Structures are given as C-alpha cells and as structure tokens.
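Working notes for the structure below.
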Amino acid sequence: MKTATLNRNWSPQNLAAVCGLLVLAVLLRVVLLPATNGDYRMFLHPWFQEIQQNDGFAALSNQIGDYTPLYMYLLAFLTYFPGHDLTLIKTASCVADFVLAFLVMRIVQEYRPEPWAGVAAFFVSLFFPPVFLNSAAWGQCDAMYICGLLACFYGCLHKRSWMAMLGFSIAFALKLQTVFFAPFVLWLLVRRHLKWRSLLLIPAVYLASVIPAVLLGRNFQDLLLIYWNQSHGYNQLCMGIPNLYAFFGPAQNEILGKAGVLFAGGVVLLALLFLWRSRAALDHDLLLNGALFSLFLVPYLLPYMHERYYMPADIFGILYAFRFPKRIYIPLALAVADTLGQANFTFGLQENPVELMSLVILAALVALAAFLYRTAGYPRREATA
C-alpha cells in the first residue's frame, strides 16, 4: 500500500522537480569547490601531497596528520585519481552529503507518513547551510561520521542493537566527536533497549580499521593513541563555537579547562540519572528528544570545541523539526550558530557574535531540556506538537 501511494505521487512534474533540485544541489557544491581555507592549506593539502609523493597507500606506513586511519585510507585512495587534490577531497565529502540526506529521509519516514515528508527532508539536508559549507566550502568530512550516527539512531528506533552499535562504531573510528552521542547510547544500554554485548563492536571495528595501517608498517601503539593525542592538541577554551566558554574567547586556562570537562561530565551523569529513573516508554519521540539533547548538551558544556561541532545536532535537528514543527526554533538556533561559525572560518567573515549566540543556544538548550523532561516524565503525552 505504501509503495503504491509513493508511485502515485511520482508524476512527471514531481520527477522533474526532484531532478531539478538534485542538479541545483550538485551545482551549489561545484560553485564552492574552489574555495580554500586554513585547514586545507595547513593540513589536508600537505597530507595529500605527502601521500601522493610516497606511493599512495605505502605512505601510510608513517604518521601523516592526526586523523584516524579510516580517513587517511580515503585520502590515499584519492591520490590514484587525476585532478586537483582540493577537488578530489571535497568531492568525497560531497558524496557523503547525499548519503547523509538519504539517511535523514529514511528516518523522517519513520515519523511522518506523508509521502512528501521524506523527500522534503532529503532536500532540506542537501540545501542545509551547515552541510554544504562543511563539505563543499570547508572540505571537512563531518558528514561521513554523522552518517554512522544516523545509522545508529535508526537501529535504536527498531531495537536492533548490533546495527545501532555498528553505526556508532564506524562513526567512532572516523571521528572522536562521536562521543557526543555516547550519553544517549549509554542511556539505552542502561534501559536495556540495546544489548550490552553489542559494545564489543566498538573496539572490534576500531581495531579492524587500524590493521591495514599496521600491516603497512605503522606503529600499533601510535594508532591506539590517536584520540588521546588529538584531545591534547588544542588549548584554547573556545575555538569559534557559541558554547559555555564563548565569553573566554581563545584564552588558554588549563585549570578552567579541566574543571570544565569535570563539570560537563557531572551534568551528563545527572541527566542520565534522571532519564534512568524515568519509566516512560522508549518510543520514537522520546528517543529523538534524547538523541538531540545529547548531541546538543555535550559540545555546549565542553571546552576546546571547534566551530563545526554542533553539526551532528544540526542534522538531528532536521529530524526534530519534521517531527515537532512547532518547536522549530530549537534546531533553527543551532543552524544559525553553526552556519555563522562555519562561514566565519571558511570565508573569513567577521560577523560571528559568539557571545550573543551562546545565550541564544543556551535558551534553546533549556527549552529542549524542558520538553525532554515532559516527554520522559509523562508517558501519556501529546501525539504532535
């Protein structure tokens, strides 16, 4: 029945509109491909050049950059293709945008039965400024690990522990920022929504991801310490993100930084305690509220955060906006903050009022926490908002 309904909505006019939007999404990214920035000049370009000049995959026997092997394998793979490294790197990131959009579409279809909803979510994702700025303008790979988080969430919706943890594990093997989702996953484990033994996938997938590098000659201990070294690579309390430390700017304060990490951990534990004590059914609405809250709360409370670290929350904010359209101001606040931060870094804009935006973000976070409180505390709640 659902397939028949979808087929009836695929009229020639609708199909033409979809094709036109796809072309526009591609053209938008093509226009942004030539843009360069500090990350490309200081990191991605030198890494690519070193790999290319040392026989591609063979170069990975030595430490190049501070990313995990999964992404470095991708860079090595790209060196075998003709073309400018900037174009190749950004094209790979842009391909991930379309995978991300498909996963967003698929999850929105779980919440909204209307045939148009999934397609609309697909194109909202593709034309969402934090998405195309991150890939086509900045050349970052955040969409890749966020795809893993979306796959994890889809598995959680259907209580498929191994699928959920596989998505989380792949995301973790790509980016440390996957830990923003860890409180949500831990909550579901404690509530027995996910199986504890599925946690074995996290070390298994990470170890599997480093084996090729080890076989090429890379030091195994160095590979295990990549995230430890990353976490000690930056000392600025706030790096352009409107969070709790926006008023400190790029100041360096080791004591305050360590205290901030402990404070964030304490707040997360208190939130988990509240959610654990709640006996509300873990339905789709509660899961979505909890997932967005985790991705929102952690980067807001932690020091040493970068501009783009709200991007996972941005993507889950799209899901949230489709499910709770009257609460669109919550994901909208996130989207504005992330867009300003990424545009400021990528294009050198000076209009990024992080102090003001941190207060706006705080208000949105408090509103989300209030909705989560209601959702978790009262099993019989409104069906729509």
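The values are calculated or read from the model by the stated rules, or taken from the named source; none is laboratory data. Here the structure is a predicted model, which is why all the values come from computation and not from measurement. Ideal geometry is used to build each Cβ from the backbone, glycine not excepted, and the neighbour counts take in all protein chains shown.
Of all residues in segment 133-167, those that are in contact with a Phe, Trp or Tyr (Cβ under 7 Å, 6 or more places away or on another chain) and assigned to a helix (DSSP H, G or I) total 3. Out of segment 19-51, which residues are modelled with pLDDT of 95 or more and of a type in the set (Val, Ile, Thr)? Of everything in segment 19-51, those that are modelled with pLDDT of 95 or more and of a type in the set (Val, Ile, Thr) turn out to be Val23, Val26, Val30, Val31, Ile51.
For segment 188-246, how many residues are of a type outside the set (A, V, I, L, M) and outside any helix (DSSP H, G or I)?
Restricting attention to segment 188-246, the residues satisfying the condition of being of a type outside the set (A, V, I, L, M) are 191-193, 195-198, 203, 206, 209, 212, 217-222, 227-236, 238, 240, 242-243, 245.
Checking which are outside any helix (DSSP H, G or I) leaves us with 191-193, 195, 217-219, 232-236, 238, 240, 242-243, 245.
Counting residues in segment 188-246 that are of a type outside the set (A, V, I, L, M) and outside any helix (DSSP H, G or I) gives 17.
Here's the yes/no breakdown for (1) closer than 23 Å to Met357 by Cα; (2) not in a helix (DSSP H, G or I):
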| position | (1), (2) |
| --- | --- |
| Pro250 | yes, yes |
| Ile255 | no, no |
| Lys258 | no, no |
| Pro299 | yes, no |
| Met311 | yes, no |
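In summary, Leu194 fulfils each of the numbered conditions (1) in contact (Cβ under 8 Å) with a residue 12 or more places away in the chain; (2) surrounded by fewer than 14 Cβ atoms within 10 Å (Cβ to Cβ); (3) within 21 Å of Leu150 (Cα to Cα) with the single exception of condition (2).
In segment 216-240, how many residues are aliphatic (A, V, I, L, M) and either under 24 Å from Ile255 (Cβ atoms) or modelled with pLDDT of 95 or more (or both)? Lay out the reasoning, then the answer.
We begin by selecting, within segment 216-240, every residue aliphatic (A, V, I, L, M); these are 216, 223-226, 237, 239.
Adding the requirement that they be either under 24 Å from Ile255 (Cβ atoms) or modelled with pLDDT of 95 or more (or both) leaves 237, 239.
Looking only at that region, the number is 2.
Taking first residues from segment 312-339 that are more than 15 Å from Ala367 (Cβ to Cβ) and partners that are β-branched (Val, Ile, Thr) and surrounded by 20 or more Cβ atoms within 10 Å (Cβ to Cβ), the Cβ contacts under 6 Å between residues at least 6 apart in sequence or on separate chains come to Pro312/Ile146; Ile315/Ile146; Ile318/Val104; Leu319/Ile107; Phe322/Val108. Of the listed requirements (1) under 21 Å from the mean Cα position of the chain (by Cα); (2) surrounded by 20 or more Cβ atoms within 10 Å (Cβ to Cβ), Gly260 misses just one: (1).
Would it be correct to say that Ile64 is modelled with pLDDT of 90 or more, β-branched (Val, Ile, Thr) and in a loop (DSSP other than H, G, I, E, B)? Spell out the reasoning first.
Working: modelled with pLDDT of 90 or more: yes; β-branched (Val, Ile, Thr): yes; in a loop (DSSP other than H, G, I, E, B): yes.
Spelling it out, Ile64 is indeed modelled with pLDDT of 90 or more, β-branched (Val, Ile, Thr) and in a loop (DSSP other than H, G, I, E, B).
Selection of segment 341-377 for residues being within 30 Å of Leu272 (Cα to Cα), at pLDDT below 90 and either of a type in the set (A, V, I, L, M, F, W, C) or touching a strand residue (DSSP E or B) at 6+ places or on another chain (Cβ under 8 Å) (or both) yields Val354, Leu356, Met357, Ala376. The residues in segment 260-285 that are touching a Lys or Arg at 6+ places or on another chain (Cβ under 9 Å) and either in a helix (DSSP H, G or I) or of a type in the set (Lys, Arg) (or both) can be counted, and the count is 4.
Among Leu176, Leu150, Leu223, Leu216, which is touching a helix residue (DSSP H, G or I) at 6+ places or on another chain (Cβ under 6 Å), among the hydrophobic types (A, V, I, L, M, F, W, C) and under 30 Å from Arg279 (Cα atoms)? Working first, answer last.
Values: Leu176 fails: under 30 Å from Arg279 (Cα atoms); Leu223 fails: under 30 Å from Arg279 (Cα atoms); Leu216 fails: under 30 Å from Arg279 (Cα atoms).
Within the list Leu176, Leu150, Leu223, Leu216, the selection yields Leu150.
Screening Gln109 against (1) of a type outside the set (Val, Ile, Thr); (2) touching a residue at least 24 places away in the same chain (Cβ under 8 Å); (3) assigned to a helix (DSSP H, G or I) leaves a single unmet condition, (2). Taking segment 166-191 as the range and being surrounded by 24 or more Cβ atoms within 10 Å (Cβ to Cβ) and either free of Cβ contacts under 8 Å to residues at least 24 places away in the same chain or touching a His at 6+ places or on another chain (Cβ under 6 Å) (or both) as the test, only Gly167 passes.
Yes or no, residue by residue, for (1) farther than 16 Å from Thr375 by Cβ; (2) buried (at least 22 other Cβ atoms within 10 Å of the Cβ); (3) within 16 Å of the chain's Cα centre (by Cα):
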{"residue": "Ala280", "(1), (2), (3)": "no, no, no"}
{"residue": "Leu292", "(1), (2), (3)": "no, yes, yes"}
{"residue": "Tyr300", "(1), (2), (3)": "yes, yes, yes"}
{"residue": "Tyr309", "(1), (2), (3)": "yes, yes, yes"}
{"residue": "Tyr329", "(1), (2), (3)": "yes, no, no"}
{"residue": "Ala337", "(1), (2), (3)": "yes, yes, yes"}
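Let's see how each residue does on (1) among the charged types (D, E, K, R); (2) within 19 Å of Val23 (Cα to Cα); (3) over 15 Å from the mean Cα position of the chain (by Cα):
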site: Met105; (1), (2), (3): no, yes, yes
site: Pro115; (1), (2), (3): no, no, yes
site: Pro129; (1), (2), (3): no, yes, no
site: Cys147; (1), (2), (3): no, no, no
site: Leu186; (1), (2), (3): no, no, yes
site: Arg192; (1), (2), (3): yes, no, yes
site: Trp196; (1), (2), (3): no, no, yes
site: Ile202; (1), (2), (3): no, no, yes
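Kindly indicate whether Tyr234 is surrounded by fewer than 19 Cβ atoms within 10 Å (Cβ to Cβ) and either touching a residue at least 24 places away in the same chain (Cβ under 8 Å) or under 30 Å from Pro212 (Cα atoms) (or both). Taking the combined requirement at face value, the residue satisfies it.
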